Amino acid sequence: MSAPDMTPRASGATRPEPVPVTVLTGFLGAGKTTLLNRLLRHPALRDTAVLINEFGEIGLDHLLVERLDGDTVLLNAGCLCCTVRGDLVKALRDLAVRIEAGHPIRRVVVETTGLADPAPILQTLMSDPLVLYRYRLDGVVTLVDAANGAATLDSQPEAVKQAAVADRLVITKSDLATPEQVSGLWGRLRALNPGAPLLNALHGDIEPEALLDCGLYDATRKHPEVRRWLDAEAWQAQGHGHDHHHHHHDANRHDARIHSFCLTFDEPLPWDGLATWLEVLSMTRGESVLRIKGILNLVGEDRPVAIHGVQHLFHPPVKLAAWPEGDDRRSRLVFILRDLDRGTVEKGLRAFAGSARQHAAIAAGGA
C-alpha cells in the first residue's frame, strides 16, 4: 500500500462533489423494501437513485418500490458477491453520466439481496476508479427482524456478517416480537457490533437523518463528527465484556467466530509502517478482515486521515478538514474480524510501526 496521495487534483480536473452511497442490507424478510418506501417519501431522500439486487431468475422487489421516477435500477438477478458486481459498476457509471448531464441525483441507495455478503459491494465501491471519483460510501445500514433475528443469526453466516459490518443497526418488526426477544436481540447485536447505534423502526418508520451521513469519508466537512462515527469508548468498553457475553451463547453460533475491538495510539503513527502492515494483513489474512475503519493522527500531518478497508481492499486514505474541537487527536482503529485474534493484529501493527519509526530516526540521524 503506497503512501497516501491526498493532494488536490491538477487545475482543470477539479473533482466534483461525490455522491453519497448508502448500502441497505439485512437478511430475507427483514423489511428492507418497506423501510425504503417510507424513506423515499421524506424530502431528505429527494433525488435519490435506487439500485436493487435480487437473488433468483426473476426480480420483483423493484416493482414494490413505490417511487421509481426513472432512477430505480434492477441489477441483474444474482448475488452481489458474484457476476452482478460488474452490473453494479455499470449502473453507477450510467448514473454518473446522467449526473454529468445535469440530472439531479443527490444520493444513491443500494438495496442488496437478503442473501448477500455485504463485503463485495463495499469492495466494489472502494476499487473502481470512476466509482471512487464520482461517489463516496456513506455507510452500511443493516436491518434485523426482531421476531426471527436471533434464529437467523444462529443459522445464517451472512446475517451475522451483515450485522457486524454495519454503521447503523435497525431492529424491525418489534411489534411482532416479545419483549424478551427484543431485549435478547438487542444485547446480542450490541456485543457483535458495539460501535453501531441501535435503532428501532416500527412499521418501517424511521427518520432518515438517523441513517444518513454516518460515514467518515466526506472530506468537505469542516468539523468531522469523529466521535459519532467512531465511538472509541464503546469499542474499548466492549473489550472486556464481549468474550464474557459469548459465554452465554451456543458455541455453534456463527457470531462466536466474529469479534470486534478498537486500538488507540497516543503518538502519531508513521504512515509507511502502517501502510505496509495493512498490505501484509490484507494479503495474508484478508478473508478474516470483515472491516477496518479508523481515524488517524499521522506523523507529519496536522489534519486527521480516515481509512476504511474490507477484506483484501482498502479505500484510498482521505484527509479530513479538521480535528473536532477538544479532540485528543489519538489514532483510533476499529477491527471487525473473523477467526483472527486481537493479539496477532496488535503485535503486528506495533511491530511495523516501531520499525518504521526506527528507520525514520536512522535516516534523520544520517541527514
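Quick rundown of the values:
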| quantity | calculated |
| --- | --- |
| Residue exposure sequence - THR284, THR142, THR276, THR33 - by fewest surrounding Cβ within 10 Å | THR284, THR276, THR33, THR142 |
| Residues VAL299, VAL141, VAL50, VAL19, sorted so that the one with the fewest Cβ neighbours within 10 Å comes first | VAL299, VAL19, VAL50, VAL141 |
| Spin-label model distance (nm) - LEU130 vs ASN37, 7 Å beyond Cα toward Cβ | 3.3 nm |
| Globularity index of region 276-347, i.e. its alpha-carbon radius of gyration over 2.2 N^0.38 Å | 1.18 |
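Any read-out appearing in this document is the output of simple, stated calculations on the displayed coordinates, not a laboratory observation. None of these values were measured; they are calculated from a predicted model. Note: ideal-geometry Cβ built from the backbone for every residue, glycine included; neighbour counts use all protein chains shown.
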